[in-house]
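Everything on this sheet refers to the single structure shown next.
Taken together, the values in this text are just the output of simple stated rules run on the coordinates, not laboratory data. Bear in mind the structure is a predicted one, so any value in this text is a computation, not a measurement. Backbone-built Cβ (ideal geometry, glycine too); neighbour counts: all protein chains shown.
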Amino acid sequence: MKILVTVKRVEDYESKIKVKPDNSWIVTEGVNYRANPFDEIAVEEALRLRDANMPSEVVVASIGSGAAQAEIRSALAMGADRGILVKHDGFVDSDGVARLLAKLGEKEKPDLVLMGKQAVDVDDNVTGQLLAEYLSWGQVTFASKKESLESPEEKAKKPGIQLAADKKSAQVVREVDGGVETLEVQLPAVVTVDLRLNVPRYASLPNIMKAKKKPIEELTPQALGVDVAPKVKVVRVESPPARKAGIKVPDVASLVKKLHEEAKVI
């Protein structure tokens with residue numbers, strides 16, 4: 001069984017983000033980068049599925065500049081088998097990413113594609129859905145995990161996505177308003193993962209050293225036959241308005257009055 005997982009290089013959510021003076025984009029100098037947290041959950045789930053269904057292979061793919069190799073190496077240090085970097089220095093919108101991944105899907109022929117439900121930099125939450133459409137595959141979004149009485153040690157090893165005995169379908173628990181639902185999807189399929197599916201493992205020092213020798217194949221959009229000219233244009237980026245200072249009130253009655261007459265929330 002082959003599992004293809006996507007990993008995007010994003011700005012660290014703990015970094016202080018500033019907007020450029022011309023409002024064209026953010027200031028990238030001095031900003032730390034890391035793997036998209038939802039993608040790390042997808043990598044962890046892929047590793048659990050592989051270990052529970054050997055022999056299997058986990059392939060990590062990223063689209064971006066050469067610097068994105070760092071995020072691929074991080075996934076390889078977690079335990080993935082090999083990596084693919086589609087090297088492109090310019091901006092690629094969600095549709096372009098989906099079309100590139102569709103070509104990788106045709107090339108690699110995975111049984112399952114796992115992705116974070118969204119990237120924390122632009123929060124589009126559309127790439128997985130577009131990919132499933134381009135590949136004409138089934139899909140399940142927002143994969144989560146049922147609460148169980150298992151010990152933490154058991155939970156740390158067991159995948160949330162359950163494969164059928166014949167490896168031709170999978171059961172996926174997904175988050176919905178007010179709870180979860182369980183769906184069955186035929187493979188190959190695209191599954192996007194949510195926050196509560198698992199907790200990604202830390203890479204051990206031996207695995208970090210091993211990851212340096214694992215192969216990363218480099219491709220280009222041109223080699224895959226994909227025109228990545230953006231269909232979406234960023235017109236303007238603005239910082240959120242500064243928060244106003246709070247005020248102190250002498251008693252509860254004054255608080256209720258202000259909430260009612262000024263804030264108009266009660």
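Quick one: of the DSSP bridges fully inside the range 48-182, what percent are antiparallel, nearest 5?
Antiparallel bridges: around 55 percent, rounded to the nearest 5.
Give the lysines reachable from LYS107 as a straight Cα distance under 28 Å; neighbours fewer than 8 places away on the same chain don't count.
LYS2, LYS8, LYS87, LYS117, LYS167, LYS168, LYS210, LYS212, LYS213, LYS214, LYS231
What nm value, rounded to one decimal, do you get for the distance between TYR33 and GLU218 when each label is placed 7 Å out toward the C-beta?
1.4
Among the trypsin sites (Lys or Arg not before Pro) within the range 14-51, which fall in a DSSP loop and have no more than 16 other Cβ atoms within 10 Å of their own Cβ?
Those satisfying the criteria are LYS16, LYS18.
Would you mind working out the magnitude of the charge dipole of the chain relative to its Cα centre, with +1 at each Lys and Arg C-beta and -1 at each Asp and Glu C-beta, to the nearest 20 Debye?
Rounded to the nearest 20 debye, it is 480 debye.
Take the eigenvalues of the Cα gyration tensor for the range 2-261, scale each by 5, and report the square roots as semi-axes in whole Å, largest first.
So the equivalent ellipsoid measures 34, 26, 19 Å along its semi-axes.
Distance between the C-alpha centers of the range 100-114 and the range 23-61? Whole Å please.
The range 100-114 and the range 23-61 have Cα centres spaced 16 Å from each other.
Mean separation of Cα pairs under 8 Å and 6+ residues apart, divided by the residue count of the chain: what relative contact order is that in percent?
25
Using unit Cβ charges (K, R positive; D, E negative) and no other charged atoms, how large, in debye to the nearest 20, is the dipole of the range 113-266 about its Cα centre?
It works out to roughly 540 debye.
What are the ³J(HN,Hα) values, in whole Hz, obtained from phi via the Karplus relation 6.51 cos²θ - 1.76 cosθ + 1.60 with θ = phi - 60°, for each residue of the range 169-184 in sequence order, with x given for Gly and Pro?
8, 9, 9, 10, 8, 10, 7, 9, 4, x, x, 9, 9, 10, 10, 10
Choose one answer from VAL58, VAL31, VAL193: the residue with the largest mean-square fluctuation in a GNM of the chain with alpha-carbon springs under 10 Å.
Judging by the Gaussian network model, the answer is VAL31.
Counting only DSSP beta bridges with both residues in the chain, tell me the antiparallel percent, nearest 5.
In the chain, DSSP labels about 35 percent of beta bridges as antiparallel.
What residue among THR28, THR182, THR192 has the largest mean-square fluctuation in a Gaussian network model of the chain, using Cα springs under 10 Å?
Checking each option, the largest mean-square fluctuation is seen for THR28.
Can you check what the net charge comes to around TYR202, using other residues whose Cβ is under 12 Å from the Cβ of TYR202 (Lys, Arg +1; Asp, Glu -1)?
Charge balance near TYR202 sits at -1.
Convert each backbone phi in the range 239-250 into a coupling constant with the Karplus relation 6.51 cos²θ - 1.76 cosθ + 1.60 (shift: θ = phi - 60°), then list the ³J(HN,Hα) values in order as whole Hz, x for Gly and Pro.
6, x, x, 5, 6, 6, 5, x, 10, 9, 10, x
Determine the shape class of the range 1-46: with a ≥ b ≥ c the square roots of the Cα gyration tensor eigenvalues, call it rounded for a/c under 1.5, and otherwise prolate if a/b is greater than b/c, oblate otherwise.
Since a/c reaches 1.5 and a/b is larger than b/c, the shape of the range 1-46 is classed as prolate.
Report the GluC sites (Glu not before Pro) located in the range 1-69 that are in a DSSP loop and have at most 13 other Cβ atoms inside 10 Å of their Cβ, or state none.
Hits after loop and neighbour filter: GLU14, GLU29.
What residue among GLY160, GLY66, GLY128 shows peak mean-square fluctuation when the chain is described by a Gaussian network model with Cα springs under 10 Å?
GLY66
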